Structure formats: structure tokens, C-alpha cells
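Asks: I'd like to ask you about the structure that follows.
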Amino acid sequence: MIPRALRQLAGDSASGAPVVVEGGSPGHVRVESTDLINMASNDYLGLARHPRVVAAAGDAIRRWGLGTASTRPLSGTTGLHRRLEQRLADWSGTDDAVLFGSCWTANAAVFEMLAELSNRVGATLAVFSDQLNHASIIDAIRAQRATLSHLSRYERGSEASLRDGLAGQPATAVKVIVTDGVFSMEGDQADLATLVKLADEHDALLVVDDSHGLGVVGTTGRGTAEAQGVLCSVDVVTGTLGKALGGASGGFVATTSDLSAWLRTGSRPFVFSNNPSVPVVAGALAALDILSDDSEPLATLRSRTDQLRRGVAGLGLPSVSGDHPIVPVIIGDDDAAREVSRSLRRLGVFATALTFPIVARGAARLRLQASAAHTVEDIDRVLDALDRACAQRGMLPARARNSAPADASSRFDDGSGS
Ligand SMILES: Cc1ncc(COP(=O)(O)O)c(C=O)c1O
């Protein structure tokens, strides 16, 4: 029986239930029998429905079934899982990689490992975390509160204070800098080149969650480290298979052979939880193959991104500059952002409003995400709908709010989005 005190809360939450998607075609979703251009998906390269990805997943399921029905240490692993780990390591510029059920658990495993190893050698653990990091990193750090000797949340652009913070730690401390590669609410990049340098100077470990960067940024889509010329210089890369690399589920940690070996034997989320299923793994392998031998999806994504970014700027709507397919349109007020989202839906565009606590108060926004699955006409229609929705609601660009989060620190306290 649910205690009375919790019943009201459960009822309140019901109104935030996800929209039911009835199907769709590449770049589109069907909701309440209406076809909508999908601007709310992380399927950046349009591979979730790519024939090669779907065929690979189908072949794998016929050969192996859905999975081994247990964890890998107990039931053994398929060769597909090992192959994907090797491909992801190669992709990330590391020695090895370890798959997890999600990137959320991959991040949890990294901080569990760092706390455990620090405890074993009797060292303190000092963590320096970008204040706009993803919720999974925030929670992964929180879970190790008992071991942490120091935690600071640095602001981007404040390298001097980060340098001072690192220098202020005892030489024996295990120091860790952790950041998103691409920030999920803004689409901008961490300054990895500077962080690599700081980590080197201060004997710190650099952890980068590149969930939104992998397959998307860098000349060949290998992520933020490639984009900034520091591939092979990041100690630990984490990422998801649930965005550009097939869009299903699953995550990984790419790192040194030693730390990978530790994760395979010592990590509770690896030892006690099932890995991504066989078709998902086969689909991700096919997605990596496509990225290696077909330049078309990445080129198309870049062209659609450019079209969307130029269009949003042309409408005079406040956004965050950059070249990532995440194009935020900053509205400011939560209710206003929801209203614009509803208007867009009536005009045939699916774009979710991101409001507090996903973003800071006063920084509500629509997060538009371009995909290689969109056509030029799709993006034109989105821009036209955006223009009309903002005009209908009387939200002329001049009245929109500044793009800087009003209280960015609340992102850390309340968790950030996806
Ligand atoms: C930066 C970042 N890290 C981690 C995650 C979690 O990924 P997963 O869905 O694989 O748990 C996300 C997804 O929303 C993300 O954007």
C-alpha cells in the first residue's frame, strides 16, 4: 500500500508523463495520429532506423536471441560485446573499453572505482566538476560522498581558480577533473585542451562524458577530444549508445587496460547488472561501421545543423553559438516555453520545453536538435513554425531572455537533463 503521505505527490507527478509515440519515419514521430518533425531526438546521424543498423540488429537477434539472460561475469560474454568494446576503445583513443547497461551506470561505475581505489591506497579523493555537468555525473559523485575529501564545482572560463584548487590539494590526493564533452542543454564544448594541460600539470585524472560529442563532433566524429586535437590524451571517456550510435541504450567507459580490468572485476554495476542486449550491441557496431566508411550521415548532419543555426539566428531568437546540432532557443519563463512547445506541436513540430529543474530558473528553453534524418524542407518547416509560434504567443525575439542561466548553480543541486 502506498502511504497516504505519498499519494498526493504521485498524483501530481502523473501530469508530467512522457508523450506516447505511435511510430514514425526517419526524423519524424507520430503522436495522436499526427506526423510531427522530431526535433527532440538525439538520433543525430539518423542511424536508429538506418537499414544497415536494423539489419545487423535483426541478424544478431536471430543468432543469439535477445541476450545471455544474466550478467557477463556469470554467463559469459558474446564476441559481439568484446568487439564493440574494442571498437569503442579505438574510437575514443584509449587502450580498452567496458560496456555498461547505460552511460548513467558507466559514470556511477567510474566514481565508485575512483573512491574504492583511493580507499585502498589510503589516499584522499578530490573532485573538480564542471557546474553544468550532466545529472548522472552529479549523482555518481554524490554516491561517493563518504570518501570525498574535496568537491568543487567550477565555472567554465575560470581555469585560474581550477588551477588554484588543484594546486591546493596534498600531493598524495587522487585528483579528478570531470566534465561533459558537449553540454547537453547548451550544445557547447568543454575546453578539453586546457583541461588536459591542467590535469598533466597537477597529476590529475581527466574524465570526460562525451555522450553528445561521440559520432557528432570532430573531423571523423570521434568526439570532443578529436575536435580539440587531444584525442588519446583523455584518461577516461564515458559515453552512451543511446544517441548518435544507434539510439537504443547502453553505455561504456573507455580507458587504460588496468582501469578497464578493474571495472570488469570490481565494478558493482558491471558485476551485478546486465549489459546492453545483443541486438543493441550489433546495431552500435553497425553504426560505428557506417561512421567509418560512409561520410554522408555526418556531412548531412553538419549541413542541417548549419541551416537550423542560421535560421534561428535569422529569426533573432536568443540561442547559444557553436556548431553542435543542439540548438537551444532560450525563452526564459517556464510557462512561456511550454506554450511555445504546444504551439509548435500544433504546427507539426515536436520540440520539448526544458524547464526548471532540468535547467536553472529563468532559463527555460526549447532544445531543437538537428539530425541527418531531416530534410532541408523539414528544417525550413521547423523555422517557419518557430517564427509563427513565437509571433502567436507575442514572444517577439526582443522580449526573450538572455541565454545565460540565471542561477546556474541550481543545475548541480537539482540535476541537469539529457
Ligand atoms: C551527458 C550525458 N551523460 C549521460 C547520459 C545518460 O545516458 P544513458 O541514457 O545511456 O544512461 C546522458 C543522456 O541523457 C547524457 O546526455
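The values are calculated or read from the model by the stated rules, or taken from the named source; none is laboratory data. The structure presented is a predicted model; accordingly, all values stated were derived computationally and were not measured. As a convention, Cβ positions derive from the backbone with ideal geometry for all residues, glycine included, and neighbour counts pool all protein chains shown.
Asks: Quick test for you: out of 89, 106, pick the one residue that is in contact with a Gly (Cβ under 9 Å, 6 or more places away or on another chain) and touching a residue at least 24 places away in the same chain (Cβ under 8 Å). Don't jump to the end; show me each part of the working.
Replies: Numbers: 89 fails: in contact with a Gly (Cβ under 9 Å, 6 or more places away or on another chain).
After ruling out the rest, the residue left standing is 106.
Asks: Take the stretch 268-298 and flag every residue that is in contact with a strand residue (DSSP E or B) (Cβ under 7 Å, 6 or more places away or on another chain) and in a helix (DSSP H, G or I).
Replies: If the condition is that a residue be in contact with a strand residue (DSSP E or B) (Cβ under 7 Å, 6 or more places away or on another chain) and in a helix (DSSP H, G or I), then 269, 270 are the ones that fit.
Asks: Restrict the check to the stretch 196-208 and report whether at least one residue is touching a Gly at 6+ places or on another chain (Cβ under 9 Å), within 16 Å of the ligand (Cβ to nearest atom), in the same structural domain as residue 169 (by TED's automatic domain parsing) and not small (Gly, Ala, Ser).
Replies: yes
Asks: Also, I was wondering about something else. Do the conditions hold for residue 98, that is, is it in contact with a strand residue (DSSP E or B) (Cβ under 8 Å, 6 or more places away or on another chain), outside any helix (DSSP H, G or I), under 27 Å from residue 280 (Cβ atoms) and assigned by TED's automatic domain parsing to the domain that holds residue 202?
Replies: So residue 98 fits the description; yes.
Asks: Could you list, in sequence order, all residues of the stretch 29-58 that are part of a helix (DSSP H, G or I) and under 28 Å from residue 323 (Cα atoms)? Walk me through how you get there before you give the answer.
Replies: Step one: filter the stretch 29-58 for residues part of a helix (DSSP H, G or I), giving 51-58.
Residues satisfying the conditions are 51, 52, 53.
Each row is one residue, and each column tells you yes or no for (1) without any contact (Cβ under 8 Å) to a residue 40 or more places away in the chain; (2) not assigned by TED's automatic domain parsing to the domain that holds residue 73.
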site	(1), (2)
272	no, no
278	no, no
282	no, no
288	no, no
304	no, yes
310	yes, yes
313	yes, yes
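Asks: Please note which strands (runs of 3 or more DSSP E) are completely contained in the stretch 155-267 and include at least 1 residues that are surrounded by fewer than 23 Cβ atoms within 10 Å (Cβ to Cβ).
Replies: Here the list reads 174-180, 204-209.
Asks: In the set 348, 394, which member is among the small types (Gly, Ala, Ser) and at pLDDT below 95?
Replies: It is 394.
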